[in-house]
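Here the structure comes first, spelled out in structure tokens, and everything after it is commentary.
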Amino acid sequence: MYFLYNDVMTFKISAKSVFFYAVYAAALVFMNKTIDGVPLSLGLYFAMLLCGTNLIVTPVLYILASIAHLNLIASLLSLFEAGFLCLVTFIYRRTKRKIRIEAAAYIAIALSPYIAFAEWKHADGLALIDNEYALRGIAAVAIIVFSFFCFKTVYALMYRAMRCKLKEDELVCCAVTYAAFGTGVYNLAGFFIYSSLAAGAIVFCVRLAKSPAAIIAAPVLAIPPAVVAFTPEPMTAYIIAASAALLFANAGRVAPSVVVLFLSALYSYFSGLFDCATVLIVFRALLLVCTCVLPSVPSDKYLKTLKERLLVREVLPDTAVSRSRRRTGEKLYRISEVFREIECAFNALDEDLNDSASRGRMLDDLKEKCCKNCEKAKRCEKSNVYAGFKKLIDSGCVKGKVNLIDLPSEVTLNCTNPTDILVRLNSLLAEYRRYMTEAENAKSGRILLADQAHGVADVMKSCAVELCKTYSEYSELEESIKNKLSARGISCPELYISGDDMEISAVVCGKVNAKIMTEIFAEAVGKKYQLKDKLSYDGEKSCLVFGTPPRLDAAFGVAYAIKSGERVSGDTHSVIKINEHSFLMALSDGMGSGEYAKKVSATAISLIEAFYRAEMPEGTVLKTINKLLSFNRDERFTCIDIAAVNLNTGMADFVKIGSPAGIIVREGEIKVLESQSLPLGILENLRPTVCTEQLRNGDIVVFMSDGITSAFSSATELYEFMQELKPLNPQNLADKILAGAKARTKSVADDMTVLCTRIFEK
């Protein structure tokens, strides 16, 4: 058990605070009357301090309640108790520390003068131990234990009762604390007054709950008289009264009061309480009538509102949320399996192109069209002419077309009509080329679709796994945060922590103070939080999403020049935030210049942005773009530079495909990132250059198109030129690099683009 000092509740001077401290003072007085000579109110006093009440008003009221006993020794001892515990609380609050189980030691120290000097008082017949100091020691232990009960009770009533459902242990602590409070009321007011108040409380509970749960109030209210009188009769009477009132709960306001009034009067009569003076009989009768009738005054509308706040929790249970998440995750997983099957189906259809059948059909066609009506057809069947036809077909499949010089000797020596053979075969070869082109395109399309299905399956599977996760590892932390929010007056019935970055989703009732919430989250989790999203629903409720802001940020600059004679540049760049924690910079250099080069590079950049935002695997992204570019009609290709930066850690993943060297400028030094791969769209099997670098505060990443690098005589000249630069910001550096490249050329022979991005701490 520990106590929260950072969640201090400050009570302003108002009707509400006056009422609160008035109830506290009355409770102190009644608890002092529980057992004569035992400062049981000390437990309530220390519990109030631990829950964050005022350090001046709280001890003053405790001392005044002790003085009300008209016991000089008890009053003097209360000064020491109040002062010592107030000092301990003040120190812990200033140091922002938490008191744990050591609270028992502090209470024991505060009670040490009481054990040594206090006068023990007890009712006749209750002294089971003759040793006065033993009795004081037992009383001190009881006070220490009772203090922990009081803390749980005060904390639950002050911060949780009107905002969330109390736990079983909190309800037990409330019952124990009430037993001490009610016993004092019983000792001070007497049986009849207490039983009259209890009867009114039973009526109110029945009207409020209108369920068997109201009967639970009866044995709790019966604890004080049962403890004092050592008899179970009051408990039996209260349970009977509550059960009877519950039967008439739906019969109107007055019916439960009449039933309880009748049963209370009947119990009083048989208990002999009316064998008194007439004046007392009238007084007691009026008191009983008033205490039973007054609970009928509150309107049904008021009781409904109070019931909704105290008993009805129209909040989606954690189990329902978990089940919904699990079902959604299972659906996504099944869909991912469908896409996995689609991938397998396309891969199964992706067989190596075998044209032996096509060549066999061409041979059969030549025999049918050219040799069927020939006089020497039977002789050719016995000779090796058809073997010559096979050689001719093989040669035509390789060259695409045949002529007289391609005729093998088997055909020239034996065939009487070689010209018809060549004409027919060239016609078949044209059809063969069209067929093979279509087959190759179909194969590439199947591979592309299979890769896409694989990527979609992976993304959906990861989403399914994320949704099906149980966040039991954060359950204690979630409950602790909800308690802290409640202590600061923020009603938060639902709160979930998810993901590796510990994103917090909270449902808040009433007015929202995002600043206080972020402070509590930062203290509880140890990370800085900020409000990411807010959604209002169900009238007074709001759903807020808090996330940790990234440690780093990025600023970029770009400079470019269009090739002389062209209207547009074939280079395209992109600088975007993939999400709040990831940053992407990319430069695509379309081979050539002009409109079509621009279209090719822009297409590549658009696909990169879309795929990275969808968090698709990097390999799938590049393979897809490579396949799409391989379809272009003019055999135009593109070189690509990609850098994906984690803004939390500064780790950057670089991907270079056929591009010039990238550069990291760091404190006057440069680090070169070389590329050894071919551009996109040339080879089917893509092998990009991939590396990972740790970026620091102030680092500038520089990407350049080949128009910049070709302007310098060598890479060494470029690196020396950049070392001489003193970059103030990324835009300034980009402008200087472009100016240096243009100064070394008579005209812009190729599109020039410089993209610079600086990483800095927030």
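The values are calculated or read from the model by the stated rules, or taken from the named source; none is laboratory data. What you see is a predicted model; the values in this text were computed from it and never measured. Counting neighbours? That spans all protein chains shown, and the Cβs are built from the backbone with ideal geometry, glycine included.
A compact table of results
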quantity: Subset of region 721-737 that is in contact with a helix residue (DSSP H, G or I) (Cβ under 8 Å, 6 or more places away or on another chain) and assigned to a loop (DSSP other than H, G, I, E, B) - its residue that is nearest to ALA555 (Cα to Cα); calculated: PRO727
quantity: Flag for ASN414 being at pLDDT 75 or above, surrounded by fewer than 19 Cβ atoms within 10 Å (Cβ to Cβ) and not assigned by TED's automatic domain parsing to the domain that holds SER498; calculated: no
quantity: Every residue from region 52-70 that is in contact with an Asp or Glu (Cβ under 9 Å, 6 or more places away or on another chain) and touching a residue at least 40 places away in the same chain (Cβ under 8 Å); calculated: GLY52
quantity: Sole residue being assigned by TED's automatic domain parsing to the domain that holds ALA68, modelled with pLDDT of 75 or more and either touching an Asp or Glu at 6+ places or on another chain (Cβ under 6 Å) or of a type outside the set (S, T, N, Q) (or both), chosen from ALA218, ALA241, ALA179, ALA201; calculated: ALA179
quantity: When residues of region 738-762 are limited to those that are more than 37 Å from the chain's Cα centre (by Cα) and within 20 Å of ALA554 (Cα to Cα), the one surrounded by the fewest Cβ atoms within 10 Å (Cβ to Cβ); calculated: THR753
quantity: Any hit, region 506-520, residues being outside any loop (DSSP other than H, G, I, E, B), closer than 22 Å to ASN646 by Cβ and touching a strand residue (DSSP E or B) at 6+ places or on another chain (Cβ under 8 Å); calculated: no
quantity: When residues of region 181-195 are limited to those that are farther than 12 Å from ALA222 by Cα and small (Gly, Ala, Ser), the one surrounded by the fewest Cβ atoms within 10 Å (Cβ to Cβ); calculated: GLY190
quantity: Matching residues in region 111-161 - criterion: being buried (at least 18 other Cβ atoms within 10 Å of the Cβ), among the small types (Gly, Ala, Ser) and modelled with pLDDT under 70; calculated: ALA118
quantity: Any chance VAL701 is touching a residue at least 40 places away in the same chain (Cβ under 8 Å), surrounded by 14 or more Cβ atoms within 10 Å (Cβ to Cβ), touching a Ser or Thr at 6+ places or on another chain (Cβ under 7 Å) and not in a loop (DSSP other than H, G, I, E, B); calculated: yes
quantity: For GLY565: the one exception among (1) within 30 Å of CYS639 (Cβ to Cβ); (2) touching a residue at least 24 places away in the same chain (Cβ under 8 Å); calculated: (2)
quantity: Meets criteria (modelled with pLDDT under 80 and over 22 Å from ALA156 (Cα atoms)) for GLY499; calculated: yes
quantity: Region 60-89, residues that are among the polar types (S, T, N, Q), modelled with pLDDT under 85 and in a helix (DSSP H, G or I); calculated: SER66, SER75, SER78
quantity: Test: residue in region 172-179 that is over 21 Å from LEU157 (Cβ atoms) and not charged (D, E, K, R); calculated: no
quantity: Unmet requirement for ILE421, which otherwise passes all of (1) modelled with pLDDT of 65 or more; (2) closer than 30 Å to LYS98 by Cα; (3) touching a Phe, Trp or Tyr at 6+ places or on another chain (Cβ under 8 Å); calculated: (2)
quantity: Among the residues listed as GLU615, GLU609, GLU566, the single one being over 27 Å from VAL545 (Cβ atoms), modelled with pLDDT under 85 and of a type outside the set (Lys, Arg); calculated: GLU566
